[in-house]
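**Student:** Structure provided below as structure tokens; questions to follow.
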Amino acid sequence: MDDIKKEFQKAVDALKYAIELSFKEYKKDPSKKDQIVALWQNTIGEFLQYFSKISEKYNAKDLYKAITKVMIFGK
């Protein structure tokens, strides 16, 4: 479990940095809003596709459903 926690912390740190960069870029040039949003859409879409495929690979729909519930509802 420690390895998972470490990887999640790296992911959170990377996302925080990406958020910071996104807002800095927007502040510098608000006309890039759609481009910034598209980057986020593509990244999140790629993550969700992988998430679905990996749950099928490991035949773990119950874990997939539980994590999806947390992502949507925060619980």
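The values are calculated or read from the model by the stated rules, or taken from the named source; none is laboratory data. Everything numeric here is computed off the predicted structure, so don't read it as measured data. As a convention, Cβ positions derive from the backbone with ideal geometry for all residues, glycine included, and neighbour counts pool all protein chains shown.
**Student:** Only residues that are more than 14 Å from the chain's Cα centre (by Cα), of a type in the set (A, V, I, L, M, F, W, C) and either modelled with pLDDT under 95 or in a helix (DSSP H, G or I) (or both): list them for the range 39-75, please.
**Tutor:** Of everything in the range 39-75, those that are more than 14 Å from the chain's Cα centre (by Cα), of a type in the set (A, V, I, L, M, F, W, C) and either modelled with pLDDT under 95 or in a helix (DSSP H, G or I) (or both) turn out to be 54, 63, 66, 73.
**Student:** Scanning for something surrounded by 10 or more Cβ atoms within 10 Å (Cβ to Cβ) and in contact with a Lys or Arg (Cβ under 7 Å, 6 or more places away or on another chain), does the range 39-58 turn up at least one residue?
**Tutor:** yes
**Student:** Quick check on this structure: which one of 4, 36 is surrounded by 10 or more Cβ atoms within 10 Å (Cβ to Cβ) and either in a helix (DSSP H, G or I) or out of contact with any Cys (no Cβ under 6 Å at 6 or more places or on another chain) (or both)?
**Tutor:** Residue meeting the stated conditions: 36.
**Student:** On the given criteria, is residue 10 among the charged types (D, E, K, R) and part of a helix (DSSP H, G or I)?
**Tutor:** So residue 10 fits the description; yes.
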